[in-house]
1. Counting residues in segment 103-214 as N, plug N into 2.2 N^0.38 Å and put the Cα Rg over that result.
2. How much net charge surrounds V161 when only other residues with a Cβ under 11 Å from its Cβ are counted (Lys, Arg +1; Asp, Glu -1)?
3. Could you compute how much accessible surface E153 exposes when probed at 1.4 Å, giving the result in Å² to the nearest 10?
4. Which order do S190, S234 take by accessible area at a 1.4 Å probe, largest first?
5. Using the Karplus equation 6.51 cos²θ - 1.76 cosθ + 1.60 (θ = phi - 60°), what ³J(HN,Hα) coupling, rounded to whole Hz, does each residue of segment 107-123 give in order, writing x for Gly and Pro?
6. Let me know the charge dipole size of segment 1-143 about its Cα centre in debye, to the nearest 20, where only the beta-carbon of Lys, Arg (+1) and Asp, Glu (-1) is charged.
7. Within segment 169-248, which trypsin sites (Lys or Arg not before Pro) sit in a loop by DSSP and count at most 15 neighbouring Cβ atoms inside 10 Å?
8. Using only the alpha-carbon atoms of the chain, report the extent along each of the three principal axes, biggest first, to the nearest angstrom.
Amino acid sequence: MHRHITIPPDHPRAGSLQTRELLVDGFRRGLVAAEGLIAHGRGEAYDYLIGEKTTQQAQRAIKAAAALLLLSRRPVISVNGNVAALCPKEMVELAKATRAAIEVNLFYRTGQRELAIKEELQRHGAKHVLGIGMKASARIPELQSERRRVDPEGIFVADTVFVPLEDGDRTEALARMGKKIITVDLNPLSRTAKAAHITIVDNIVRTMPYFVKSALSLRESKSLKKIYQGFDNSRNLHESLRIIKEGV
Ligand code: PTJ
């Protein structure tokens, strides 16, 4: 029997508790890895330090990321268990807004979870989901075992990959393959945060609605290159760290 808790809407930490419930529910539905619950706890700690808001730096990073996806010829959006539990609808909306492909790409890969995530994305309107089963047959060089498998029609041939909440080894390997990397990571000190070209230091729950809106509003823009080229990720990470240290 699963316990269901009702979170009082006036609880001072209602938002954060609701997000936890999404993950726990995602775990019970077979979307989230047990390790994903721990990863979220680490994210929460950084979120607390950053003030649980989408900072101006994060807003700038989101706009640059939307511009880059729109400029790319073969953009791919990578979805893992945590992302599927927290924001499946927005991932599909972003893919549609930027004409990106969606690929399920798991760190703790199991066929069952892959399928559950694919179905969750389809329930939210995804037409075609890459990276499932034998289709994930190409390999990221230098990585070991199951963690290196990617879809030969997706991440393997992508020019830009959006990999939120990603492990450092894989982000670094994808960057070495010459791909432009966009990530969401609340920890500005992580290897993923440093290896990516655009790091959105924000909770993915807040990021995604803003990301979809930005992509939709930039679709006709003539300044995409300017927006993307004006973005400096090391400055972005430096400023995000300063906010954590100094609170402003
Ligand atoms: O579903 P799978 O098998 O692909 O596994 C997914 C996880 C997230 C478990 C896997 O990719 C993993 O172990 O990731 P890491 O190495 O723990 O990195 C996740 C990063 O995301 C950490 O730096 C966290 O601080 C950060 N993070 C966690 N939750 C959030 C977050 N960043 C933004 N928003 C969040 N909600």
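1. Its radius of gyration relative to the 2.2 N^0.38 Å reference: 1.05.
2. +1
3. Accessible surface of E153 is approximately 110 Å².
4. Final ranking, largest accessible area leading: S234, S190.
5. Along segment 107-123, the couplings run 6, 9, 6, 9, x, 5, 5, 3, 5, 4, 5, 4, 5, 4, 5, 5, 4 Hz.
6. With only Lys, Arg, Asp and Glu charged at Cβ, the dipole is about 500 debye.
7. Here the sparse-neighbourhood loop sites are R219, K222.
8. Between the extreme Cα coordinates on each principal axis of the chain lie 46, 45, 34 Å.
The values are calculated or read from the model by the stated rules, or taken from the named source; none is laboratory data. For clarity, every value in this text was computed on a predicted model and none was experimentally measured. All Cβ positions, even for glycine, are placed from backbone atoms using ideal geometry, and neighbour counts span all protein chains on display. Areas reflect the complete protein model, heavy atoms only, side chains present, ligands, DNA and RNA absent. Shrake-Rupley method; radii C 1.70, N 1.55, O 1.52, S 1.80 Å.
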